[in-house]
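S.K.: Okay, handing you the structure first.
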Amino acid sequence: MSSVNVLILGGTTEAMQLARLLEGDARFQAVYSVAGRTSNPRLPNLICRSGGFGGVEGLRDWLAANQCGIIVDATHPFAGQISHNAARAAELSGARLLAVSRPPWRAVAGDSWQSVTSMAEAARALGEAPKRVLLTIGKLELAAFCRAPQHYYVSRSVDLPEQHPPHCECITQRGPFRLEDELALLDDYSIEVMVTKNSGGSAAQPKLEAARRRRVPVVMVERPPLPGVAEQVQDAEQALRWLEGYT
C-alpha cells in the first residue's frame, strides 16, 4: 500500500506532537512546514521546509507538484493569513483540509481580563497613567505600543524584535514556562498589567495563573476570525485518527 502524502502547516505544540506521531509511520509521507519567522525552530524528524509558499496559488502549485491531497493546518491561532491561504488552496486543488484548533482560554474566578480585538486597542486599554507592562505577544506586533510611550514595557519573545516602543526591555525565552518562573517575572519587574494573545493551550497558561495569584490585570487580545473549516479537531491524537481514515 502506498503512503498518504500529508502537508503539516506547523509551528505549534500540537503540530509538533502530530509530527512526532507520524515519525516512522510508513502509512504517511509527511512534510512539516514552518513560516520561518523564528530562529532555530523546533523541528521533527520529518521532511521539513521553511518559509512561505507564495500565496494561495503557490500553495496550490506545491500541492500539485508534490501530489499531496491532505493539509493539516496546525498553525498558531493568530496566523490568520496562512489559514486563509490553506482554506482557499484546498478549495482550488480539491485537497482535504483539517484544522487543529486548540480551545481558547476562558477567564475563571480571580481573573481580571479586558478583552480587545487588536493590538491598537490593547495599547489604548492601558490608559494614560504610566504603568509597568508585560507584553507576551511575540516580536512582530510591538509597534502598536509605540503610540503609548508613557509606559515601561517588558517584552518577552523567542527572538529579539526589530522594532519596539521606547522604555522597553526585551527578553528572549522559549516556552513552555513554569509557574514559579512566571511569578518571578511578575515580581522582578513589578508588573502592573499584562498584555497577551488568547492563544490557548497549556504551554503558556502558567502566566495567567501567575497573573491571577498576583492580582495583575490582563489585556487579552482575542483571536481573529478564521475561515470556516468543515473538519476541525483540538489535538494531535484526534488529528491522527482523522488521518487514519485516509489510509
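Values quoted throughout were computed directly from the atomic coordinates according to the rules given, and no laboratory measurement underlies them. If you're wondering where the values come from, they're calculated on a predicted model, not measured in any experiment. Cβ sites come from the backbone with ideal geometry, for glycine too, and all protein chains shown count toward neighbours.
S.K.: Using the Karplus curve 6.51 cos²θ - 1.76 cosθ + 1.60 with θ = phi - 60°, work out ³J(HN,Hα) for each residue of the stretch 215-227 in order, rounded to whole Hz, and write x for Gly and Pro.
M.R.: So the J values, rounded to whole Hz, are 6, 8, x, 10, 8, 9, 7, 7, 5, x, x, 10, x.
S.K.: Take the alpha carbon atoms of the stretch 1-149, find their radius of gyration, then divide it by 2.2 N^0.38 Å using N residues; give the quotient.
M.R.: Ratio of Rg to 2.2 N^0.38 Å for the stretch 1-149: 1.28.
S.K.: Around residue 107, with a cut-off of 13 angstrom between Cβ atoms, what is the net charge of the other residues, counting Lys and Arg +1 and Asp and Glu -1?
M.R.: -1
S.K.: Still on this model: With a ≥ b ≥ c taken as the square roots of the eigenvalues of the C-alpha gyration tensor of the stretch 113-221, please select rounded if a/c is under 1.5 and otherwise prolate if a/b is larger than b/c or oblate if it is not?
M.R.: Rounded, since a/c falls under 1.5.
S.K.: Quickly work out the residue 128-to-residue 229 label distance, labels modelled 7 Å from Cα along the C-beta direction, and quote it in nm with one decimal.
M.R.: 4.5
S.K.: While we're on this one: Can you show me the helix-derived [θ] at 222 nm for the chain, built from DSSP H runs with n ≥ 4 at -39,500 (n - 2.57) apiece and divided by the number of residues, rounded to the nearest 500.
M.R.: Rounded to the nearest 500, the figure is -8500 deg cm²/dmol.
S.K.: Further, regarding this structure: Please report the net charge: other residues with Cβ closer than 11 Å to the Cβ of residue 139, K and R +1, D and E -1. Don't skip to the end; give the middle numbers.
M.R.: On the way: positive: 37, 156; negative: 141, 159, 162.
Within the 11 Å Cβ shell, the charges total -1.
S.K.: Can you sort 12, 247, 38 by how many other beta carbons sit within 10 Å, fewest first?
M.R.: Going from sparsest to densest Cβ surroundings: 247, 38, 12.
S.K.: For 153, 246, what ranking results if the residue with the fewest other Cβ atoms within 10 Å of its Cβ goes first?
M.R.: With the fewest neighbours first, 153, 246 line up as 246, 153.
S.K.: In terms of the ratio Rg/(2.2 N^0.38 Å) built on C-alpha atoms, what value belongs to the stretch 39-118?
M.R.: 1.41
S.K.: List every residue whose amide H lies under 5 Å from the amide H of residue 193, counting only residues 5 or more places away in sequence or on a different chain, with H placed 1.01 Å from N in the peptide plane.
M.R.: The answer is 132, 134.
S.K.: Among residues other than residue 57 whose Cβ falls under 15 Å from its Cβ, what is the net charge (Lys/Arg +1, Asp/Glu -1)?
M.R.: On the way: positive: 60, 88; negative: 61, 91.
The answer is 0.
S.K.: Next question, about the same structure. Return the long-range amide H neighbours of residue 114 (sequence gap of 5 or more, or a different chain), with a cut-off of under 5 Å between placed amide H atoms.
M.R.: 218, 219, 220
S.K.: What list do you get for 180, 14 if you sort them by fewest beta carbons within 10 Å?
M.R.: Values: 180 10, 14 26.
Starting with the residue having the fewest Cβ neighbours, the order is 180, 14.
S.K.: Restricting to Cα pairs below 8 Å that are 6+ residues apart, what does the relative contact order work out to for the stretch 1-85? Please round to a whole percent. If you can, show how the numbers build up before the last one.
M.R.: Numbers: 125 pairs, mean separation 32.0, N = 85.
Here the relative contact order equals 38 percent.
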